[in-house]
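Nothing in this text is a laboratory measurement; each read-out follows from the coordinates by a stated rule. Nothing here was measured: the structure is a model prediction, and the numbers come from that model. Because the Cβ atoms are built from the backbone with ideal geometry, glycine has one as well, and the counts that use them run over all protein chains shown.
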Amino acid sequence: MDHDPVAPAASRIRSILVIDDHPLYSDALSMALRHVFDDSTIRSATSLGEGLAQLGPGFSPDLVMLDLKLPDVTGISGFLRLRERIPDVPVLVISALTSVEVVHALMDAGAAGFIPKDAETHELKIALIEIRSGRRYLPPAYRAAGRGAGAGARLPSVQEVGQRIAELTPQQARIMKLICAGKPNKQIAHELSLAEATVKAHITALLRRLGVQNRTQAAVLVESANLDIGTGLGDADARAFLSQ
């Protein structure tokens, strides 16, 4: 599971907003929520506009459950609009739009988690418990799948990642830290006073050493391993990539 500290503590999740246009699913979702947050106030909305209209001095949710396919918006743009309005509130996306690219884009944009609409109830409860504990949740299939070529390849285990992280050179560790902070190559080069070509070469080498195909896989693995690697890349930095 993901372990990024983006959600509030359990005692603070007292109000929840469910944005979904299917009444039966919304009701079932509310029941699952009450099993985890038994003393919470749950409101519902059938469109993004209706959900946004509920936000204000009289109602500030501690958690939002969002469907990506709504009458007035479809896709990640709805999440981005909600995130802009309430940047500090965790949003768990539950959607039938389940492509790896969409899911990773959501996580990159700061979602507290993602659950496919056809997920079993127990997986939803696991996600809610993770978020209640201040962590993020992504189903194993999405954690193991990066973008693009090699997405289906086996990724290293947590133990392997820890061993490989320990073998990074100090410069590679500094670059990994900035990758996890969401910095592009140009900015990494500027901050480390390196040529951009040198940064690219270092990234290629560290990805090879970690046994991953791309930056997303590297950051997800470091975060999933819950590592404080002792080479200048602390826990908070390792998790920052997924909270941008």
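Worth a mention:
- Relative packing of peptides 82-89, 101-108 - highest average C-beta neighbours within 10 Å first: 101-108, 82-89
- The share of alpha-carbon pairs in the range 10-143 lying farther apart than 25 Å comes to 14%.
- The amide H of Ser15, built 1.01 Å from its N in the peptide plane, has Thr41, Asp62, Leu63 as neighbours under 5 Å, considering only residues 5 or more places off or on other chains.
- Phi angles across the range 86-95 convert, under the Karplus curve 6.51 cos²θ - 1.76 cosθ + 1.60 with θ = phi - 60°, into 3J(HN,Hα) values of 10, x, 9, 9, x, 10, 9, 8, 10, 8 Hz, Gly and Pro given as x.
- Applied to the range 104-111, the Karplus parametrisation 6.51 cos²θ - 1.76 cosθ + 1.60 on θ = phi - 60° returns per-residue 3J(HN,Hα) values of 5, 5, 4, 5, 4, 7, x, 4 Hz, with x for Gly and Pro.
- Förster radius 41 Å - calculated FRET efficiency between Gln163 and Ala32, Cβ distance, rounded to 0.05: 0.60
- Remark: spin-label model distance Ser40-Lys125 equals 1.5 nm, labels positioned 7 Å along the Cα→Cβ axis.
- Amide H to amide H distances under 5 Å link Ala45 with Val18, Ile19, Asp20, where only residues 5 or more positions off or on other chains count and H is placed in the peptide plane.
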